[in-house]
Amino acid sequence: MTPNSGDEAAPVMSIEDFAASIAASLAATAQAAPTTESEAEAVGATLSFRDRVRQRTGIAQLLVFRIAGELFAVELITAEEALDMPTLHRLPEMPSSMLGVFTLRGALVSVFEPQTTLGIRCEEPTTAVVFCGGERRVAIATDDVDDVVTVDLRTVREAPGTRTKTDALLAIVHRGSDLIALLDADALVAAHRPATAALPEPAEETV
């Protein structure tokens, strides 16, 4: 049969050339992968904890604490200290959500009942989680400090519901059979910051 004059002969690739092409493609992919991963880590490092949780990217170390039998966690670097509840001093015109104040290394710390932001009360507030930032710190009363854990943020899930009165609740993550609610420490502090601004200094230092 006479070939159509419009047809062009397709180039023929030998098996050796085909194998070399595949090998080159695989090598290029392998070399590109670390760059992509490094770029992702660099982007993750510039994001807030809230954004990393929402985008499910990166690894986070969490400080886990217990309130009324439920587990909550904040990013570890946002907590200055977790300590046994010190002696608290009441101040004039304290809001009802504030349990009292103490001083920690010269900084005033206001301790708040978690109900205002989390909608849940401590059963026995024996510990306090003190958050970083400013001369006047904010602390949340807790029943117990549970553990420090490392989680892959790709494993977090949307919270099925929220009892918070702010946007402090970000998501939930499983730890075995337990559910841990991930919290935005910045939102917790911001919710209580107005109440701490006008407080007078305490009469004495207790810590």
In Hz, Karplus ³J(HN,Hα) per residue of the range 50-63 (6.51, -1.76, 1.60; θ = phi - 60°; x = Gly, Pro): 4, 5, 5, 5, 5, 8, 6, 9, x, 10, 9, 8, 10, 9
Under the Karplus curve 6.51 cos²θ - 1.76 cosθ + 1.60, θ = phi - 60°, whole-Hz ³J(HN,Hα) for the range 71-82, x wherever Gly or Pro sits: 9, 10, 8, 10, 5, 4, 5, 8, 9, 6, 6, 10
Per-residue ³J(HN,Hα) for the range 118-128, Karplus 6.51 cos²θ - 1.76 cosθ + 1.60, θ = phi - 60°, Hz, x for Gly and Pro: 10, x, 8, 9, 5, 7, 8, x, 9, 9, 9
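Percent relative contact order of the range 97-140, based on C-alpha pairs within less than 8 angstrom and at least six residues apart?
Relative contact order here is 37 percent.
Coordinate-derived values only; no laboratory data. Worth saying up front: this structure is predicted, and the values here are computed from it rather than measured.
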